[in-house]
Amino acid sequence: MTIFSKDTIFVLLLGVFAGCTSSSDDPVTTKEVSPESERKTEVITLEELEVPESIQPDTLGIRLRSFGLTSVTEIDSTFFIDLKYASTDNFLGENIYGNLKEVFLQDTVAKMLSKAHAFLKEEHPDLRMLIYDGVRPLWVQQKMWNLLDSIPVSERVKFVSNPANGSLHNFACAVDLTLCDKQGNPLDMGAGYDDMRKIAYPELESHFLESGELSKEQYQNRMILRKSMRKAGFSQLPTEWWHYNAMNRNTARGKFEIVP
Ligand SMILES: C[C@@H](N)C(=O)N[C@H](C)C(=O)O
Ligand SMILES: [Zn+2]
């Protein structure tokens, strides 16, 4: 009972909040990242970010399933999963997802991802996909955004989507992932997950390849991942080699609710 009343309040607040922002879309697919920086942002302080009882990390999996999301390994059991936000090995230095072990996505997105995985395995039988993040509740997005408030908005949106607009992760339509071998060991991409340095930017890869800061192998590894993901319909974020969107934000908004 309490579960739904608290969530409902949260969703209502979200509606008011969203109504204050621009109505135009700010797709985060390749070459479309900058408009987000021009939006006004209302920042919720960390003190205001009281996590409702129903969103305690231990029950996160149950809650995510209740939104009708699909666990990707139910579609394809050969994915490897290392949920970085379910550990302290992340840029927040805090375990946000508790004991969550599964990656949840919209059903259509999970199916797209398993197609990408099939393409990869067809061309590179010794490689697999290792998933770092799927759906991300909005309160987590807000926490990430607030934590980086010393970074100007125009720079911050290159790394964390503005929660006032919603990340595609909040719609369960984005995935963070890398390639790994058949034992689950990640391949070298020349920059780690959630590395904010420019060397992580797909849009600057050819420059870093030329300068030698990215090796041919690191560059190739990124290309292999991108080829499979694109073939399945995903688009790459220009500032994060690991982040892929299944659709733009307008389409996601028309089809799905944000996970609060
Ligand atoms: C925080 C990082 N893993 C990420 O997913 N960033 C994109 C831009 C997002 O927040 O949507
Ligand atoms: Zn991401």
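Under the simplified labelling scheme, the residue 230-residue 150 pair shows an inter-label distance of 3.8 nm, with each label point 7 Å from Cα along Cα→Cβ.
Using a probe of 1.4 Å, the accessible surface attributed to residue 66 totals some 80 Å² when neighbouring protein chains are kept in position. Taking 7 Å steps out from each Cα toward its Cβ at residue 183 and residue 92 produces label points 3.2 nm apart. Estimated at the nearest 10 Å², the accessible area of residue 198 is 100 Å² with a 1.4 Å probe. 3J(HN,Hα) along the stretch 236-245: 8, 6, x, 10, 9, 5, 8, 9, 10, 9 Hz, from the Karplus curve 6.51 cos²θ - 1.76 cosθ + 1.60 with θ = phi - 60°, whole Hz, x for Gly and Pro.
Amide H contacts under 5 Å for residue 170: 136, restricted to partners 5 or more places along the chain or on a different chain, H placed in the peptide plane at 1.01 Å from N.
Hey, got a sec? Which GluC sites (Glu not before Pro) in the stretch 72-166 land in a DSSP loop and have at most 12 other Cβ atoms within 10 Å?
Working: sites: 74, 94, 102, 122, 123, 155; in loops: 94, 102.
Hits after loop and neighbour filter: 94.
Loop-resident trypsin sites (Lys or Arg not before Pro) (DSSP state other than H, G, I, E or B) in the stretch 111-185 with no more than 14 further Cβ atoms inside 10 Å of their Cβ: 182.
The values are calculated or read from the model by the stated rules, or taken from the named source; none is laboratory data. Computed from a predicted structure; not experimentally measured. Ideal geometry is used to build each Cβ from the backbone, glycine not excepted, and the neighbour counts take in all protein chains shown. We work out accessible area using only protein heavy atoms, side chains counted, and drop any ligands, DNA or RNA first. Shrake-Rupley method; radii C 1.70, N 1.55, O 1.52, S 1.80 Å.
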